[in-house]
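Beneath this line is the structure, given in structure tokens, with notes to follow.
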Amino acid sequence: MREQNTGVLRKFRIDAVLKADLDPLYRKNNWRGLLGWMGDLATIAGAIWMTRLTPYAYPLTVLIVGSRQRALASLLHEAAHLTLARNGRLNRFIGEYLSGLPVFQDFESYRQSHVMSHHRFLGDPTRDPDYIYYIDSGLQRAEDRFEFCFGHVLRTLMLLNVFSYANYLVRHRVASLLKSRRGAIKLILVHAFLFAVLGIATNPAGYLLFWLIPYLTSFQVIGWLSEVSEHFGLFGRETDELLMTRNRFPSWWERWFIGMHGDNLHLTHHLLAAIPYWNLPAAHRILMRDEHYARANARTGGIVSRGSHPLSVMEQILEGYKAPATPSHAPQSNS
């Protein structure tokens, strides 16, 4: 997918009536984000508890813990947009200490990379960190289905691409922590706390078994799949805001592992980044009254599952290798 369209991004204009219906959804509170974090914590605890019943549950535990580590990264994402809590200090605390640092991601680095760069320069091959990752990792150079499937998807599932994705995270999500003594101390203290809690609750190797190994395996795979599903195959081909980002509508089993805290409604989020994640489903339903938005959401289901849609995201990406790309343009609704 070497095509590169550097045209100006055509913004989606939301109808005035829909804007009025969307307005109440911008309201934030101080409890939903914390409740989401507690749910992630409870799921992690339950997954670890399964290994007490039988050690054979460990592979499933690794998968579940990694999925909830990704959910913590999603809460950091919300905090970086200042939507996780109404109170600014609480928003920062949940995002930084309860969500970001446990998965080795820094609040300020994330905000700079994602909010200030990715959202601002969406689809710019020189300034959008996500697009730069697609290019640097070789994804954008994949010539055909075989190269995409075996050179990227299979290598990721076999953990051969872990260091490539981890390097992206270090460069764009944790960089400032490693440059300051204060940041390094915060990271060490948070992980010393995790080491102690997991060691007391399980065994001396608890931190390694139930945090580091899931982080280096399932978290990396889930993160890669999610990042690729959001924009890959669209950057460099589309110039319409509606067509450069995907929402995902997976089957229930995929949603349980990938799609926490609004992660699956990425297009809706890009259009309405100031709406808290718990209101994104309602925002999506309102926007579905716009025929152009509805059309943009009609084809793809989940990353690997179709849900009730004709194609999965992976199938749509593979379909893109059939013929040379021709930029498509979504008609814009009236202001």
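The values are calculated or read from the model by the stated rules, or taken from the named source; none is laboratory data. Here the structure is a predicted model, which is why all the values come from computation and not from measurement. Cβ: placed from backbone, ideal geometry, glycine included. Neighbour counts: every protein chain shown.
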TODO: Those residues that are buried (at least 20 other Cβ atoms within 10 Å of the Cβ) and over 21 Å from GLY33 (Cα atoms), I need them from the stretch 252-270; list them, please.
DONE: GLU254
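Report those helices (runs of 4 or more DSSP H) wholly inside the stretch 134-247 carrying at least 1 residues which are at pLDDT 95 or above. Break it down stepwise before answering.
Values: elements: 145-148, 154-157, 162-173, 175-179, 181-201, 213-216, 218-231.
In the stretch 134-247, 181-201, 213-216, 218-231 are the helices (runs of 4 or more DSSP H) which contain 1 or more residues that are at pLDDT 95 or above.
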Open item on the list: Six or more apart or on different chains, Cβ atoms under 6 Å: show the pairs whose first residue is in the stretch 254-267 and in contact (Cβ under 8 Å) with a residue 40 or more places away in the chain and whose second is not in a helix (DSSP H, G or I).
Closed with: GLU254/GLY302; GLU254/SER305
TODO: Hey, can you tell me all the residues within the stretch 122-138 that are over 15 Å from SER164 (Cβ atoms) and of a type in the set (Ser, Thr, Tyr)?
DONE: THR126, TYR131
TODO: Could you check the stretch 30-126 for helices (runs of 4 or more DSSP H) lying wholly inside it with 3 or more residues that are modelled with pLDDT of 95 or more?
DONE: 32-53, 58-80, 88-93
- [ ] Count, please, the residues in the stretch 262-295 that happen to be among the aliphatic types (A, V, I, L, M) and under 12 Å from the mean Cα position of the chain (by Cα).
- [x] 2
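Scan the stretch 248-270 residue by residue and report those that are part of a helix (DSSP H, G or I) and of a type in the set (Val, Ile, Thr).
Filtering the stretch 248-270 for residues part of a helix (DSSP H, G or I) gives 252-257, 260-262, 266-270.
Correct list: THR268 only.
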Open item on the list: Pairs needed: first member in the stretch 36-57, among the small types (Gly, Ala, Ser); second member anywhere, assigned to a helix (DSSP H, G or I) and surrounded by 12 or more Cβ atoms within 10 Å (Cβ to Cβ); C-beta distance under 6 Å; at least 6 residues apart or different chains.
Closed with: GLY36/HIS261; ALA47/THR61; ALA47/ILE64; ALA47/VAL65; ALA57/MET50; ALA57/THR51
Task: Options PHE249, PHE235, PHE219; residue that is in contact with a strand residue (DSSP E or B) (Cβ under 8 Å, 6 or more places away or on another chain) and buried (at least 20 other Cβ atoms within 10 Å of the Cβ) - done: PHE249
- [ ] Could you identify the single residue in GLY259, GLY236 that is under 18 Å from the mean Cα position of the chain (by Cα) and among the small types (Gly, Ala, Ser)?
- [x] GLY259
Open item on the list: Among (1) modelled with pLDDT under 95; (2) assigned to a loop (DSSP other than H, G, I, E, B), there is one condition ARG289 misses while meeting the rest; what is its number?
Closed with: (1)
Task: Count of residues meeting criterion [in contact (Cβ under 8 Å) with a residue 60 or more places away in the chain and within 20 Å of the chain's Cα centre (by Cα)] in the stretch 171-202 - done: 4
